[in-house]
Amino acid sequence: MADLSDTQIRANLRTILAEAGIDPNQTAFTCTSGIVRLLGELMSIQGSAAVRPAQIDDLETSIKKTRGVQRVHLNLKNWERVGTGQWAPVEKSKNELEEGEDFELPPIPSLE
C-alpha cells in the first residue's frame with residue numbers, strides 16, 4: 001500500500017485531532033515530506049475539560065501510525081516534555097506572545 005501524500009496526511013490530521021477530543025482551531029499543522037509539525041495550544045473540544053498528558057501521548061502515537069508519516073514534532077505553547085519524557089503543562093505567563101510579536105516556526109531538523 002502506497003504512502004499518503006502530504007495533502008492526504010494533513011486531511012487525516014483533522015480527523016485525528018477530532019477523535020482525540022482536541023480543538024483543531026487552536027492548533028496549526030504542517031506536513032512536508034512526511035514530517036508532521038503540530039503547533040499551538042492543545043485545548044479540549046469540551047471547553048473546560050483539561051487535556052491530559054496521556055491524551056497527548058495517544059495523539060502523537062496516532063499521528064505516527066498514519067501511513068506516510070516519517071516524523072512528528074509537537075511544538076506546543078501550553079505543554080512541554082520534561083526530563084522524564086512525560087508531558088507537563090506550561091505556565092501561560094511563560095508562553096504568551098507579547099502584543100505584535102510574530103509566532104515563528106522553528107527549523108525542521110534534517111533527516112540525515
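Miscellaneous remarks
- Taking 0.36 nm per residue of sequence separation and removing the Cα-Cα distance, the VAL90/SER44 pair yields an extension gain of 15.0 nm.
- Using a Förster distance of 41 Å, the FRET efficiency for GLU80-ALA2 (Cβ separation, nearest 0.05): 0.70
- Using the Cβ of PHE29 as centre and a radius below 10 Å, the other residues enclosed give a net charge of +3, where K and R count +1 and D and E count -1.
- Residue-by-residue Karplus 3J(HN,Hα) for region 56-72, coefficients 6.51, -1.76, 1.60, Hz, glycine and proline x: 5, 4, 5, 4, 4, 4, 4, 5, 4, 7, 5, 4, x, 7, 9, 7, 10
- Going from the fewest other Cβ atoms within 10 Å to the most, the residues ARG81, ARG37 appear in the order ARG81, ARG37.
- Qualifying GluC sites (Glu not before Pro) for region 1-93 [loop in DSSP, other Cβ within 10 Å: at most 12]: GLU91
Read-outs throughout are calculated quantities, based only on the coordinates presented, and are distinct from any laboratory measurement. Treat the numbers as computed from the prediction; the structure is a model and nothing was measured. Using ideal geometry, Cβ is built from the backbone for each residue, glycine included, and neighbour counts are taken over all protein chains shown.
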